[in-house]
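Single-structure report; data block below.
The values are calculated or read from the model by the stated rules, or taken from the named source; none is laboratory data. Note that this is a predicted model, so its numbers are computed, not measured. No Cβ is skipped: glycine too gets one built from the backbone with ideal geometry, and neighbour counts run over all protein chains shown.
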Amino acid sequence: MINLFSVAGVILFACCIVLILFAWSARRSSIISTWILFNAGVALWGLAAFIIGSTSNVVISSIWWRIAHLGIIFIPVFLVHNIVLICDFKKREILLKLIYGQAIFFLFTLFTPFFLGPLKSFKGFFYLTPKILYFPFFFIWISLVAFSLVILFQKTQTSQGLKGNQVRYLFWALLLGFTGGITNFFPVFNINVYPFGNLFISLYCLTVTYAIFKYRLLDISLLITRTTIFFIVYAFVLGIPFFMAFGLRGKLVELFGYEWWLVPLATSTVLATTGPFIYVYFQNRAEDRLLQEQRRYQATLRQASAGMGKIKDLKRLVTLIVHIMTRTVRVEYSMVFLNDIHAKKFRLGAYRSRQVRMKFRSDIDHETALVRVLQETQSPIVYDEIKQRTQDFGDLKLARLEAELKAIDAALVIPSFIDEKLVAILVMGAKVSGKIYSSDDLSVFSILANQSALAIENAQFYDEMKSTHVQLLKAEKMATIGTLADGLSHQINNRLHAMGFIAGDALDTLKLGHNLPMSLEVKEMILDLEHALNRIESNVQQGGEIVQGLLKYTRKDDGSIQDVALDKLIEAALEMTQFKIKPGEMSINHEYPSDLPKIRGNFTQLQEVFFNLIDNAYDAMMQRKAELKEANYTPTIKIIASGSINGHLNVLVEDNGMGIQEQDKEKIFTPFFTTKLSSKKGTGLGLYVIQRLIEENHSGTVVYESKYQQGTKVHLTLPAA
Amino acid sequence: MIAKLESLERELDMPKLLIVDDEIDIREFAKSYFRKRHIEVYTASGGVEALEIIAQEKPDLVLLDVRMEEMNGVDVLKKLRESGNNTKVVMVTGVKEESTIQEAERLGVTGFIHKPLILDELEKIVLKELKSNS
């Protein structure tokens, strides 16, 4: 015989089996195991209820009531076990021993006459009657359920993020389920209420199943709203025709005669057709209300995504992205990392934080678990989820990822892909509201991220093109200047050469005439002329030196590479400066270890580099001395060097000279730009040549920092031998 | 007549210097300078002319400019050596020209002098070379 009790039983059984299968497919942990056992208990009760409800045989019923209690006894036991694990309840050892003890005790009494009495007829099937031991059993049963719900409820108050969400689901599901479950006890204690509650237990199953499907990312309030709307709408959709068919049958026959059944049929057809629309309508209205905030920023993000493609300046673009993220979504912070293929790193492109201080500002290496997981999954990473999975499964790779995310305080990481290429990584902190990131959020962020990827690539391409263009122009200019300088210097040199000859010969002629008889005035005049011609000769020589010096930079030398000791190099460079720098004019401090590795490079070029650096430092210090006229000023150059782990040598040349003025900082590497006052002092090629020699010929780097009126530091990295 | 012969004889005894340069000023003033030192100076404004003079007059020393319009100094030197002539040659180079110097050294040159040059220094070099000749 079919009745509500048996139908609810079979539905419950089916639901629990589905739940068990879900849990079975997950990886095993003590939480999952106790969860499976708990559901097995409920399933057993469902199956027993189905058979009890449908049989009219008192013996079968009696047997199945005992089988049912196998499940019933263990339902709260496994539940408590599961909940204390989830809530990480302390001192659970003793508690669990006691609980399992009482379960085993009642299991034995189940087969004594002190637990269950003879069955009674109830609403068309047989229901149990309690004996003396059933009362303490029931008391303990209720207490254990209540205990589980209480600690779970406490947990909902203290948990945040994903874990909090999960716990809330579980709490509401269990509350619903047990509220229903309790009704099964009513007939036992002669309370005349039909045990309809098994349907509610199924509802609990549905809730939890849904949570497993979308478990991470759905607001609990949303789920409850949806379920409620669903039940109300379908109560009407199914209830109205049902009521017509059974309650109003007499009236309908009166009105429509033999075709009365067409009315409920038509009504049910209409309602069944409109039902989903009504449901969707109410659901949308409810969700609009509930998700007002989320909808608002999602719309903003979509608009922003569309506008991003127009921005060509990379820096501005990434700044805008983090700005949008932090402002519209209200997150603690957000950062954008851009791929730097050469450095095998994702470099921090921009960040924005609600706090002034940022904990984390370095780059993300390509070899991190984070980058690898992003490459693999190509989908967003939610920290809470990773944390949960790490705890559940104890996976080493996950643990590493979790640690990395924790280190940067990331709540959400979104990859920015173009095809298979990871262009950028967006990292976000927790929402200020403390809410979790929903799956809707993730899909909108992913759209934003992918739009960003396109825009970022565009901007990068644009940047690259611009700098290539500038470089081309510069190279062209330099080539022209080089050719020009070459030809020009030859011509000037030849003129100087000829002038030297002319002056020399004239001087010679005058000297040969010394012995000729002449007046004193003429003699004096000749001496004056000789003096003038001497001056011409010495000017010719100086001119020649300037031309030589200038041409040194446009020419290539042999380029041989050898191991060069830094102190030899500096010695040689100082030798070059000795014509200009008088001893005692400045002091030079060397600070480097005796076991400093040698530099792998070209001696002449490196000598040129250090000569120029020292020469520049000297000029800057002399300028400071002349302009600031400080009382205790001692011009000092410091040369500090150290080897580094990655096969490079770091050399710092520091002076306490005049420093570089802000407006000149951009230009100091530009050829022919000089701040040195007299043209005799500078060609404007020094730093340009240094940069070229170091970066192009030695694959090193040259970076400088300077404070006006305080001094300049030049950092070099050079390859070590 | 006799005086003329004497001066001719003296001239035959005089060391011979050939200056090859495409700059007229250099030729004029160098010639004037060395003449005063009783050196017979020939000048050539280019490679072809220089080779002719060397063949005819057999100078003791050639001052050869490297960078010239018509034929460069190294080529002149090469042609000279190819014809089996081992006349002393001092190359006059402009700004340091490594490759030129190497090539010229291979072809056997007595020395190099760098522009711009002061005549006193040139005199020392020339006199030294001419002296070592006789």
Output for Cβ contacts, cut-off 9 Å, separation at least six or different chains, first residue closer than 14 Å to A:K345 by Cβ in region A:364-381, second assigned to a strand (DSSP E or B) and charged (D, E, K, R), reads A:I364/A:K345; A:I364/A:R347; A:D365/A:K345; A:H366/A:K345; A:V371/A:D365
Note on region A:443-468: residues within 24 Å of A:D365 (Cα to Cα) and surrounded by fewer than 19 Cβ atoms within 10 Å (Cβ to Cβ) are A:S446, A:N450, A:L454, A:E457, A:N458, A:Q460, A:F461, A:D463, A:E464
Practice problem: Kindly indicate whether any position in region B:41-63 is within 14 Å of chain A (Cβ to nearest Cβ), crowded, with 18+ Cβ neighbours inside 10 Å and among the aromatic types (F, W, Y). | Solution: no
Every listed condition ((1) farther than 23 Å from B:P15 by Cα; (2) part of a strand (DSSP E or B)) holds for B:T100 save (2)
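This table checks each residue for (1) buried (at least 19 other Cβ atoms within 10 Å of the Cβ); (2) of a type in the set (S, T, N, Q); (3) touching a helix residue (DSSP H, G or I) at 6+ places or on another chain (Cβ under 6 Å); (4) outside any helix (DSSP H, G or I).
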position: A:L47; (1), (2), (3), (4): yes, no, yes, no
position: A:V59; (1), (2), (3), (4): no, no, no, no
position: A:I63; (1), (2), (3), (4): no, no, no, no
position: A:I67; (1), (2), (3), (4): no, no, yes, no
position: A:L98; (1), (2), (3), (4): no, no, no, no
position: A:F114; (1), (2), (3), (4): no, no, no, yes
position: A:F135; (1), (2), (3), (4): no, no, no, no
So, first residue closer than 18 Å to B:R27 by Cβ in region B:101-120, second residue of a type in the set (S, T, Y) and crowded, with 20+ Cβ neighbours inside 10 Å, Cβ within less than 6 Å, six or more apart or across chains; the pairs are B:L119/B:Y33
Yes or no: region A:310-319 includes at least one residue that is assigned to a loop (DSSP other than H, G, I, E, B), in contact (Cβ under 8 Å) with a residue 40 or more places away in the chain and within 22 Å of A:L374 (Cβ to Cβ).
no
Here the residues within region A:33-69 that are under 41 Å from the mean Cα position of the chain (by Cα) and over 18 Å from A:C15 (Cβ atoms) are A:S33, A:T34
Taking region A:493-537 and the residues there that are within 14 Å of another protein chain (Cβ to nearest Cβ) and among the β-branched types (V, I, T), the one that is nearest to B:E28 (Cα to Cα) would be A:I502
From the option list A:L652, A:L677, A:L685, single residue qualifying as surrounded by 12 or more Cβ atoms within 10 Å (Cβ to Cβ), modelled with pLDDT under 75, assigned by TED's automatic domain parsing to the domain that holds A:F611 and among the aliphatic types (A, V, I, L, M) is A:L685
Worksheet item: A:V423: closer than 20 Å to A:K315 by Cα, in contact with a helix residue (DSSP H, G or I) (Cβ under 6 Å, 6 or more places away or on another chain) and in contact (Cβ under 8 Å) with a residue 60 or more places away in the chain, yes or no?
Response: yes
Of those in region A:180-211 that are of a type in the set (S, T, Y) and assigned to a helix (DSSP H, G or I), the residue nearest to A:F115 (Cα to Cα) is A:T183
Review point. Do we find that A:R289 is farther than 17 Å from A:Y437 by Cα, at pLDDT below 75 and not small (G, A, S) in this structure?
Key: yes
Within region A:481-492, of all residues that are touching a residue at least 12 places away in the same chain (Cβ under 8 Å), closer than 21 Å to B:D21 by Cα and under 60 Å from the mean Cα position of the chain (by Cα), the one nearest to the other protein chains (Cβ to nearest Cβ) is A:S489
When every residue in region B:100-120 that is in contact with a helix residue (DSSP H, G or I) (Cβ under 9 Å, 6 or more places away or on another chain) and within 12 Å of another protein chain (Cβ to nearest Cβ) is compared, the one surrounded by the fewest Cβ atoms within 10 Å (Cβ to Cβ) is B:D120
The residue that is surrounded by the most Cβ atoms within 10 Å (Cβ to Cβ), considering only those in region B:77-99 that are among the small types (G, A, S) and within 14 Å of chain A (Cβ to nearest Cβ), is B:G94
**Meets criteria (hydroxyl-bearing (S, T, Y), modelled with pLDDT under 80 and farther than 30 Å from A:P719 by Cβ) for A:T554** = no
Counting only residues in region A:691-703 that are in contact with a Phe, Trp or Tyr (Cβ under 9 Å, 6 or more places away or on another chain) and not charged (D, E, K, R), the one nearest to A:F669 (Cα to Cα) is identified as A:Q691
Take A:D463 and tell me if it is charged (D, E, K, R), more than 14 Å from every other protein chain (Cβ to nearest Cβ) and in a helix (DSSP H, G or I). yes
